[in-house]
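The values are calculated or read from the model by the stated rules, or taken from the named source; none is laboratory data. These numbers come from a predicted model, not from an experiment. Reconstructed Cβ throughout: ideal geometry from the backbone, glycine too, with neighbour counts over all protein chains shown.
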Amino acid sequence: MATKILDKIYQAHSEKRKQLAVLIDPDTPNDAELEAIIEQINSAKADLIFLGGSLLIKDALDTCISKIKKLTDVPVIIFPGSILQISDKADAILFLSLISGRNPELLIGSHVISAPYIKQAKLEPLATGYLLVDCGKATTASYMSGSFPIPYNKGEIAACTAMAGEMLGQKLTYLDGGSGADKPVSTQMINQVRASVSTPIIIGGGIKTPEMAREVCLAGADIVVIGNATEKNPKLIKQIAKAVHQS
Ligand code: 1GP
């Protein structure tokens, strides 16, 4: 199985090069808005595009990836909200196990159903321990997954959960406050997770400014994910990319 994208992420991790992933919800931007976002991604030299959503209403995943692929060479990684979000047009897929929750479907059930489709689509699966964290408000991710997020100030729970994920063979650790979170995951929690695992760490949810991005990088994030804030103002991508790449 190809490990091209994972190898690049590990390479950056070993060189302590921080990366920026821009999350695009295929439901949201119209063509002109998508072009504006991709233009910013290209000029900011953002490293990755994450594509997906907890709840997609339009059947726009394939067409959205095709449009993106015409505009950029930045790898497109599906960030699936459900097993319906698989496409052979993407480069890779976050093969997420929601290890902060106790919903068996999201720990293994959906994986069994989607594995043959991912294989047929020749998508690189990125085995990821996915942790939802309570960052100030109920998010779609938390509601749709039917799981309790880890309390904001319980860094030790996040650290032990991430550690278990790594021991189970997960290659990436993703701490997510959920899209539109009030505030990012705390630097203290990121520190505790950083001290507990050697996988690259992805941090997302509620990152709205270059300062916030810099803080999570300094605390130990390898990949910073931004979504909501840049949908509203694509020019932020450049400022946040600069903060991430200089951290
Ligand atoms: C959500 O981590 C992502 O899963 C991004 O969150 O939209 O709040 O930037 P935002």
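Evaluation of G52 against the conditions (1) in contact with a His (Cβ under 9 Å, 6 or more places away or on another chain); (2) surrounded by 14 or more Cβ atoms within 10 Å (Cβ to Cβ) shows that the sole unmet condition is (1).
Looking at I202, is it within 10 Å of the ligand (Cβ to nearest atom), crowded, with 20+ Cβ neighbours inside 10 Å and either touching a residue at least 40 places away in the same chain (Cβ under 8 Å) or over 20 Å from D134 (Cα atoms) (or both)? Yes, satisfied.
When restricted to residues that are in contact (Cβ under 8 Å) with a residue 60 or more places away in the chain, more than 11 Å from the ligand (Cβ to nearest atom) and either small (G, A, S) or not in a loop (DSSP other than H, G, I, E, B) (or both), the stretch 166-192 contains 1. Take the residues of the stretch 215-247 that are closer than 18 Å to H13 by Cβ and not hydrophobic (A, V, I, L, M, F, W, C): which is farthest from the ligand (Cβ to nearest atom)? Ranking the qualifying residues of the stretch 215-247, first place goes to Q246. Restricting S66, S97 to those that are within 25 Å of L20 (Cβ to Cβ) and surrounded by fewer than 14 Cβ atoms within 10 Å (Cβ to Cβ) reduces the list to S66. Filtering the stretch 207-235 to residues that are crowded, with 20+ Cβ neighbours inside 10 Å, of a type outside the set (G, A, S) and in contact (Cβ under 8 Å) with a residue 40 or more places away in the chain leaves C217, D222, I223, V224, V225, I226, T230, P234.
Listed by first and then second residue, the pairs with beta-carbon distance under 8 Å, at least 6 apart or on different chains, first residue in the stretch 27-41 and more than 19 Å from L55 (Cβ to Cβ), second modelled with pLDDT of 95 or more and among the hydroxyl-bearing types (S, T, Y), are I38/T72; I41/T72. Answer with yes or no whether I108 is among the β-branched types (V, I, T) and either within 23 Å of S142 (Cβ to Cβ) or in contact (Cβ under 8 Å) with a residue 60 or more places away in the chain (or both). Taking the combined requirement at face value, the residue satisfies it.
Does at least one position in the stretch 64-81 carry a residue that is part of a helix (DSSP H, G or I), within 16 Å of the ligand (Cβ to nearest atom), on the phi < 0 side of the Ramachandran plot and among the aliphatic types (A, V, I, L, M)? No, because not a single residue in the stretch 64-81 is part of a helix (DSSP H, G or I), within 16 Å of the ligand (Cβ to nearest atom), on the phi < 0 side of the Ramachandran plot and among the aliphatic types (A, V, I, L, M).
Considering S142, S114, S97, the condition of being outside any helix (DSSP H, G or I) and in contact (Cβ under 8 Å) with a residue 24 or more places away in the chain is satisfied by S97 alone. Among the residues of the stretch 35-60, those identified as of a type in the set (A, V, I, L, M, F, W, C), within 16 Å of the ligand (Cβ to nearest atom) and out of contact with any Lys or Arg (no Cβ under 6 Å at 6 or more places or on another chain) are I37, I41, A46, L48, I49, F50, L51, L55, L56. Go through S147, S97, S110, S82 for me and flag whichever is more than 14 Å from T199 (Cβ to Cβ), of a type in the set (S, T, N, Q) and under 15 Å from the mean Cα position of the chain (by Cα). Selected residue: S82, the only one of S147, S97, S110, S82 that is more than 14 Å from T199 (Cβ to Cβ), of a type in the set (S, T, N, Q) and under 15 Å from the mean Cα position of the chain (by Cα). Scan the stretch 173-189 for residues that are buried (at least 24 other Cβ atoms within 10 Å of the Cβ) and over 13 Å from the mean Cα position of the chain (by Cα) and jot them down. Answer for the stretch 173-189, where residues must be buried (at least 24 other Cβ atoms within 10 Å of the Cβ) and over 13 Å from the mean Cα position of the chain (by Cα): A181, P184, V185, M189. Within the stretch 1-31, if we keep just the residues that are modelled with pLDDT under 95 and of a type in the set (A, V, I, L, M, F, W, C), the residue that is farthest from the chain's Cα centre (by Cα) turns out to be M1.
Residues that are touching a Phe, Trp or Tyr at 6+ places or on another chain (Cβ under 9 Å) and within 16 Å of the ligand (Cβ to nearest atom) do not occur anywhere in the stretch 112-119.
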